[in-house]
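Report on the structure given below.
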Amino acid sequence: MNSPGPVDTAITYLDHAASAPMRPEAIEAMLPYLRDQYANPSGSHRFARQARQAVDESRDRVAAVLGCRPNDVVFTGCGTESDNMAITGAVTRSGGVAVCPATEHHAVLEVVEHHGGVVVGVDHAGRVDLEHLAAALDEIVAADRSVAIVSVMTVNNEVGSINDLAAVRRVVRRHAPGALLHTDAVQAVCWLDLREVTPHVDLLALSAHKFGGPKGVGVLVENGGPKINPLIIGGGQERERRSGTHNTAGIVAASVALELADAERATEVVRIAALRDRLVDELCTHLDGVTETLDRSEKIAGSGHVCIEGIESEALLFLLDEEAVCASAASACASGAMEPSHVLAAMGVPAERSLGALRLTLGHTTTDADIDRGVHVVTKAVQRLRSHTDQAHTDRGMA
Ligand code: PLP
């Protein structure tokens with residue numbers, strides 16, 4: 001098979017929320033486990049025990065960054081699996097109802113809907129509306145049903161808003177004391193110290209490829225010990241909580257990437273916020289009709305999200321792609337097809353504005369040069385699309 005070769009270095013990558021480039025240290029850390037130490041960590045010979053030790057040391061590193069006990073860390077196959085495991089595992093364990101806000105990632109939303117759960121409203125920033133949540137929990141309890149799990153994401157993947165999990169926990173404890181609280185923290189690692197989030201939740205999901213680790217590695221923290229049914233059963237790995245042979249190389253690399261993201265967070269948040277601010281400010285200066293979807297004070301540093309009047313996202317992304325600028329509109333989906341954003345709709349953004357949505361997300365490899373080029377290419381592409389629209393109007397007027 002032909003290797004695709006290295007990515008063209010001329011690429012301007014402003015799509016970190018879809019997937020971040022792997023950190024070189026994480027790539028280096030995984031190589032020995034692909035090349036030399038390939039034994040199955042569940043085996044009993046010394047070679048297997050070495051692999052087992054690598055998995056356990058990775059578990060210790062992950063636990064230290066997340067502020068939980070090593071035994072509460074369950075390695076999974078991706079963020080989607082971790083979310084599915086939390087919700088399905090809670091519903092099948094207790095028979096109760098699953099609840100989430102309307103702006104969750106599909107990895108949560110579709111699972112809650114699949115189990116006949118309840119979807120609650122959000123505020124202007126896409127954060128869960130705590131009054132709606134309380135009312136929904138009261139309604140479930142009044143109907144003589146129990147709440148199995150409430151799932152509220154730490155950071156929204158489209159617009160970058162942040163939920164206050166401590167406040168969510170207070171509502172859940174007051175209105176449905178038996179319910180578990182799960183958070184999808186997949187987009188949070190590079191921007192927030194999760195040691196301040198973990199104590200408020202029972203379950204927490206991560207995905208390694210969002211913070212410079214490899215694809216195909218997820219984490220589910222079961223804070224304080226097992227509380228849910230396993231999703232994948234079989235060989236009994238991960239103390240019967242997630243069967244399947246460990247991805248040793250991926251787990252080691254994920255833990256290295258997580259430690260690095262944690263260590264550099266304080267400086268990176270300042271550096272990236274400045275780059276994001278320049279990116280968005282310059283787009284607003286060069287182009288009329290660009291509005292920021294959300295105030296910067298309400299979102300993480302790496303998120304730039306604007307709505308651009310008079311263009312359609314799909315056409316814009318096509319032109320950006322031609323110029324090797326990687327960005328997105330709604331979140332990435334399997335087909336690559338553009339779907340109207342359920343997040344913007346739930347936030348009350350009018351359809352005509354969300355039609356021109358552009359998500360530009362920054363991360364550990366983003367440089368000043370990326371911002372210069374991003375501003376230049378987006379500005380030119382929008383001007384080109386608008387001039388086509390103006391021309392079409394003129395032509396129609398003349399016809
Ligand atoms: N949750 C959120 C908030 C995400 O942004 C994503 C990925 O886009 C996922 C879950 C799914 O993670 P994975 O790609 O590892 O399945």
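The values are calculated or read from the model by the stated rules, or taken from the named source; none is laboratory data. Bear in mind that the values here come from a model prediction, so they are computed numbers and not experimental data. Neighbour counts are summed over all protein chains in view; Cβ atoms, including those assigned to glycine, are modelled from backbone coordinates with ideal geometry. Quick note on the areas: whole protein, heavy atoms, side chains included, nothing else; ligands and nucleic acids left out. Shrake-Rupley method; radii C 1.70, N 1.55, O 1.52, S 1.80 Å.
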Does any residue in segment 89-109 that is within 18 Å of residue 121 (Cα to Cα) and outside the structural domain of residue 153 (by TED's automatic domain parsing) come within less than 6 Å, Cβ to Cβ, of a residue that is of a type in the set (Phe, Trp, Tyr) and more than 16 Å from the ligand (Cβ to nearest atom) six or more places away or on a different chain, and which pairs are these? none
Is there a residue in segment 289-296 that is modelled with pLDDT of 95 or more, polar (S, T, N, Q) and in contact with a Cys (Cβ under 8 Å, 6 or more places away or on another chain)? yes
Being within 16 Å of residue 74 (Cβ to Cβ), in contact with a His (Cβ under 9 Å, 6 or more places away or on another chain) and away from the ligand (no atom under 14 Å from the Cβ) narrows it down to one of 202, 184, so name that one. 202
Residue selected from segment 90-110 under the condition buried (at least 21 other Cβ atoms within 10 Å of the Cβ) and closer than 20 Å to residue 216 by Cα, by the criterion farthest from the ligand (Cβ to nearest atom): 108
Looking only at segment 161-214, count every residue that is open to solvent by 30 Å² or more (accessible area, probe 1.4 Å), under 27 Å from residue 365 (Cα atoms) and charged (D, E, K, R) and tell me the total. 4
Give the number of residues within segment 223-240 that are more than 13 Å from residue 92 (Cβ to Cβ) and open to solvent by less than 50 Å² (accessible area, probe 1.4 Å). 5
Which count do you get for residues in segment 255-266 that are open to solvent by 10 Å² or more (accessible area, probe 1.4 Å) and in contact with a helix residue (DSSP H, G or I) (Cβ under 7 Å, 6 or more places away or on another chain)? 4
